[in-house]
Amino acid sequence: DMVMPLHRVQALQVTTGIVRRRFGWHGLSAVSLAADEKSTSHAIAPFATMDEIARIVPVTGFSLPAPDTAWRSTAAAWHRNAALLVAVPLVALALAALLGAPVAAVGIVQPALVALPLLLAAGLLALRRWYLWRFDRFALDARQVLARRGWLSPHLDIASRVRVQSVELVQGPLARRGGYAALHLGIAGGRLDIEGVPLADAMALRDAILESIAATDFSRLGR
């Protein structure tokens, strides 16, 4: 059993797994001020259908994404760079094997037996990134920040705009060249990360969230 004051719920997480998803089972967890060192979330419905979760979510003061939610795509450059960082070393190793790099140390005579799995792994990782680019999304509605990621095991984060404690916009060298950024939203009891956001969208999200925070009378929250 789990008991929690509703005003302490800071965000929600809806998750599932590769197998559970095929049978329509999902889990609902709350990020709260009561988070301890072991976990940043508390399971509300660890094994439920989406119809059951849809009846629970409004009780917490949040809402699931509406059918007309304006989802935005993550940056293609972020997925491309992530794929290259993993695939290029694998392709280089495969080429080294095909060009006669020593493979006797692992007891293999045919270089192709080394190169083929490496090339296959590089191709699968690149394909995975392409699928993630199609499925990873984020959105901002009147009250909430929404982030959806994952393909085989999708994950949905829902956070209240006015309960966000801090907004951090981060760019590394590749992100600056690719025109994207990561948003780290500090929430009491946890954090919501949105990776690979196009820079213009990231700045618009940051400004909109900060505007919501500045316009809120926090002495009235939880009343």
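Of the numbered conditions (1) of a type in the set (Lys, Arg); (2) free of Cβ contacts under 8 Å to residues at least 60 places away in the same chain; (3) over 20 Å from THR60 (Cα atoms), ARG137 satisfies every one except a single condition; which is it?
(2)
Considering only residues that are open to solvent by less than 60 Å² (accessible area, probe 1.4 Å), among the aliphatic types (A, V, I, L, M) and over 12 Å from the mean Cα position of the chain (by Cα), which ones fall in the range 126-138?
ALA126
When you go through ARG148, ARG161 one by one, which is the residue that is open to solvent by 20 Å² or more (accessible area, probe 1.4 Å), charged (D, E, K, R) and out of contact with any Pro (no Cβ under 7 Å at 6 or more places or on another chain)?
Numbers: ARG148 fails: out of contact with any Pro (no Cβ under 7 Å at 6 or more places or on another chain).
So the residue among ARG148, ARG161 that is open to solvent by 20 Å² or more (accessible area, probe 1.4 Å), charged (D, E, K, R) and out of contact with any Pro (no Cβ under 7 Å at 6 or more places or on another chain) is ARG161.
Which members of the range 54-79 meet the condition of being open to solvent by 60 Å² or more (accessible area, probe 1.4 Å) and in contact (Cβ under 8 Å) with a residue 60 or more places away in the chain? I'd like the intermediate steps shown before the answer.
Here is the first cut: in the range 54-79, the ones open to solvent by 60 Å² or more (accessible area, probe 1.4 Å) are 55, 58-59, 67-68, 70-72.
ALA70, TRP71, ARG72 - these are the residues of the range 54-79 that are open to solvent by 60 Å² or more (accessible area, probe 1.4 Å) and in contact (Cβ under 8 Å) with a residue 60 or more places away in the chain.
Hey, can you tell me all the residues within the range 1-16 that are surrounded by 15 or more Cβ atoms within 10 Å (Cβ to Cβ) and either small (Gly, Ala, Ser) or over 14 Å from the mean Cα position of the chain (by Cα) (or both)? Spell out the reasoning first.
The initial filter retains those residues of the range 1-16 that are surrounded by 15 or more Cβ atoms within 10 Å (Cβ to Cβ), namely 8-16.
ARG8, VAL9, GLN10, ALA11, listed by residue number.
Here are some residues: LEU192, LEU113. Which one is of a type outside the set (D, E, K, R) and open to solvent by 20 Å² or more (accessible area, probe 1.4 Å)? Walk me through it before giving the result.
Values: LEU192 fails: open to solvent by 20 Å² or more (accessible area, probe 1.4 Å).
Just one listed residue meets the conditions, LEU113.
The values are calculated or read from the model by the stated rules, or taken from the named source; none is laboratory data. In this text the structure is predicted, and so the values were computed from the model without any measurement. Neighbour counts run over all protein chains shown; Cβ positions are idealised from the backbone, glycine included. Side chains are part of the model used for accessible areas, which takes the heavy atoms of the whole protein and leaves out ligands, DNA and RNA. Shrake-Rupley method; radii C 1.70, N 1.55, O 1.52, S 1.80 Å.
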